[in-house]
Number of protein chains: 2
Amino acid sequence: MGRTSTARERVLDAACSLIRSRGYEAVGVAEVCSVADVRKGSFYYYFDSKQALTREVIREHWRSERARWVAVLSASGAPLVRLEALFDMQADDIRAEQKSNVINGCIFANLSLELSARDASIRSDLESVFDEQIALVAEVLGEAMADGSLHADDTPHRLASAMLAQLEGLVLFAKLRNDASSLDGVWSQVRRLAS
Amino acid sequence: MGRTSTARERVLDAACSLIRSRGYEAVGVAEVCSVADVRKGSFYYYFDSKQALTREVIREHWRSERARWVAVLSASGAPLVRLEALFDMQADDIRAEQKSNVINGCIFANLSLELSARDASIRSDLESVFDEQIALVAEVLGEAMADGSLHADDTPHRLASAMLAQLEGLVLFAKLRNDASSLDGVWSQVRRLAS
């Protein structure tokens, strides 16, 4: 039992890291198995296909990321301070990637641009991730509007969407240049969207 | 002569459309040749590899896009009006894609997220495209700052970069949802980045 449950974890870890760095199409099941040190038979015991594996990678990765988002956004402090901490955390993640040599960026954005137009299931999973991200940010923006620390013409939802679009655009530039400095001052840019 | 030069064009057109819709890795030379109605021998007469073809697709596509950017940005009218027209043109392009069923988004952004971390040549080509885009927008922002119609704390270059990041983030959401409405009001959002 211990061994089999470890195998599933190893496959998910290997797939997450390979897909993050190279995308969906460029990664094959054989390579995932080899990196995870798992036989193909075991792979197919846990996952029906590469598509099924990828959907599980998206789910698992968002599960752990979501916990970090919720921790930061539900900490004590004023709403805008917590939001700033969220965007700083994202920038720090990209800086950490640069320190370990290669900025792979956001696996959700990478897969969105690679697959949205051709895989309805994966697109639907990614849509849910971004919907949840927007809802988490919108909730805190709503608090800031309610306590008077933020005045904006837009709804919290539309504003959250614009802020996360800004983040994804900056992460794209960081990945393109393998240089996290596009994310310096991310909060001051994002904050302006609410002006 | 006429036929051979047409063959090269057909290969470029087919590759541009296939790569735009499915990405680099999912498209093979055989398929490009089949769609272009060109033999493999002819393909390799013009292009050394799929990588070489892709680099030419990026160059050609930006050449034609750049002409549209320059036309809009150098039209008559106030600088901010010309910038607004540029962002509206981008939104209209995505709306047109939606009307023809599938939003494939920005080929430069798609390829950036798919390949930046693993193909130095293509990354460098894409970097040049985005550098030129930023420079074109920065020039007009500089005009607006000089004539007093825009007051901003940032340099034109950093501001242009932030504005194009916002655009790419919104295009990502449009592609993800196959819904161009994320780009409604793009200029009012982008404009806020300069407040």
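The values are calculated or read from the model by the stated rules, or taken from the named source; none is laboratory data. Quick caveat, the model's predicted, so the values are computed rather than measured. Please note: Cβ atoms are built from the backbone with ideal geometry, for glycine as well, and neighbour counts cover all protein chains shown.
Return the only residue of B:A109, B:A162 being over 21 Å from B:S64 (Cα atoms) and crowded, with 22+ Cβ neighbours inside 10 Å. Walk me through how you get there before you give the answer.
Values: B:A109 fails: over 21 Å from B:S64 (Cα atoms).
Within the list B:A109, B:A162, the selection yields B:A162.
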| Is it the case that A:L126 is closer than 23 Å to B:Q166 by Cα and away from every other protein chain (no Cβ under 14 Å)? | no
| request: Determine which member of the set B:G41, B:G23 is on the phi > 0 side of the Ramachandran plot and at pLDDT below 95. | output: B:G23
| request: State whether the residues of segment B:35-48 include one that is assigned by TED's automatic domain parsing to the domain that holds B:G105 and of a type in the set (G, A, S). | output: no
| message | So B:G169 passes all but one of these: (1) surrounded by fewer than 22 Cβ atoms within 10 Å (Cβ to Cβ); (2) farther than 17 Å from B:P79 by Cα; (3) small (G, A, S). Which condition number does it fail? | response | (1)
| Just for segment B:9-29: of the residues that are in a helix (DSSP H, G or I) and among the β-branched types (V, I, T), which one is nearest to the other protein chains (Cβ to nearest Cβ)? | B:I19
| Pairs under 7 Å by beta carbon, first residue closer than 15 Å to A:S17 by Cα in segment A:94-105, partner among the acidic types (D, E) and not in a loop (DSSP other than H, G, I, E, B), six or more apart or different chains? | A:I103/A:E97; A:N104/A:E97
| request: Answer with yes or no whether B:D153 is surrounded by fewer than 18 Cβ atoms within 10 Å (Cβ to Cβ), more than 7 Å from every other protein chain (Cβ to nearest Cβ), under 29 Å from B:V102 (Cα atoms) and not aromatic (F, W, Y). | output: no
| field | segment B:30-50, subset part of a helix (DSSP H, G or I) and among the charged types (D, E, K, R), residue farthest from A:D119 (Cα to Cα) | value | B:K40
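Do we have B:L141 as on the phi < 0 side of the Ramachandran plot, in contact with a Phe, Trp or Tyr (Cβ under 7 Å, 6 or more places away or on another chain) and either without any contact (Cβ under 8 Å) to a residue 24 or more places away in the chain or assigned by TED's automatic domain parsing to the domain that holds B:R63 (or both) here? Lay out the reasoning, then the answer.
On the way: on the phi < 0 side of the Ramachandran plot: yes; in contact with a Phe, Trp or Tyr (Cβ under 7 Å, 6 or more places away or on another chain): no; either without any contact (Cβ under 8 Å) to a residue 24 or more places away in the chain or assigned by TED's automatic domain parsing to the domain that holds B:R63 (or both): yes.
The answer is no for B:L141.
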| query | Which one of the conditions (1) surrounded by fewer than 17 Cβ atoms within 10 Å (Cβ to Cβ); (2) more than 16 Å from the chain's Cα centre (by Cα); (3) at the interface with chain B (Cβ under 10 Å from one of its Cβ atoms); (4) at pLDDT 95 or above does A:D131 fail to meet, given that it meets all the rest? | reply | (2)
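Do we find that A:T6 is of a type in the set (S, T, Y), assigned to a helix (DSSP H, G or I) and exposed (fewer than 14 other Cβ atoms within 10 Å of the Cβ) in this structure? Don't jump to the end; show me each part of the working.
Working: of a type in the set (S, T, Y): yes; assigned to a helix (DSSP H, G or I): yes; exposed (fewer than 14 other Cβ atoms within 10 Å of the Cβ): yes.
Yes: the conditions hold for A:T6.
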